[in-house]
Amino acid sequence: MKIPLRVTCKQAASLLIAREDREIALSEKVALRLHIYACKACPNFEQQILIMRKSLKLWRNYSVEGKDAD
């Protein structure tokens, strides 16, 4: 998919989510970074995604003392 250098918030959100599942193309990375620098809302969404990723990683590695995590 060809991504223009100027993307909408909806396209940026789609790229942020896609980035969790796959390596995005260089053109997508550039377009996303440009949008993140110019937008007020999307950096917050990016931080929310990063917090969720970190939390899920911690949850997957969590075990109750004396019990193995299943």
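Where a number appears in this text, it was derived from the coordinates with a stated rule and is not lab data. Everything numeric here is computed off the predicted structure, so don't read it as measured data. Cβ atoms come from the backbone with ideal geometry, glycine included; neighbour counts cover every protein chain shown.
Per residue Cα convex hull volume for the stretch 9-59, in cubic angstrom?
Values: hull volume 3.5 nm³, N = 51.
Spelled out: Cα convex hull of the stretch 9-59, divided by residues, is 68 Å³.
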Exercise for the section: List the trypsin sites (Lys or Arg not before Pro) within the stretch 1-42 that fall in a DSSP loop (any state other than H, G, I, E or B) and whose Cβ has at most 11 other Cβ atoms within 10 Å. Expected result: Lys2, Arg6, Arg22, Lys40
Problem - Lysine pairs meeting the criterion (Cα under 23 Å, 8 or more apart or interchain), as found in the stretch 9-59 - result: 5
Practice task
Just flag the GluC sites (Glu not before Pro) in the stretch 1-60 sitting in loop per DSSP whose Cβ has no more than 15 other Cβ atoms within 10 Å.
Solution key: Glu23
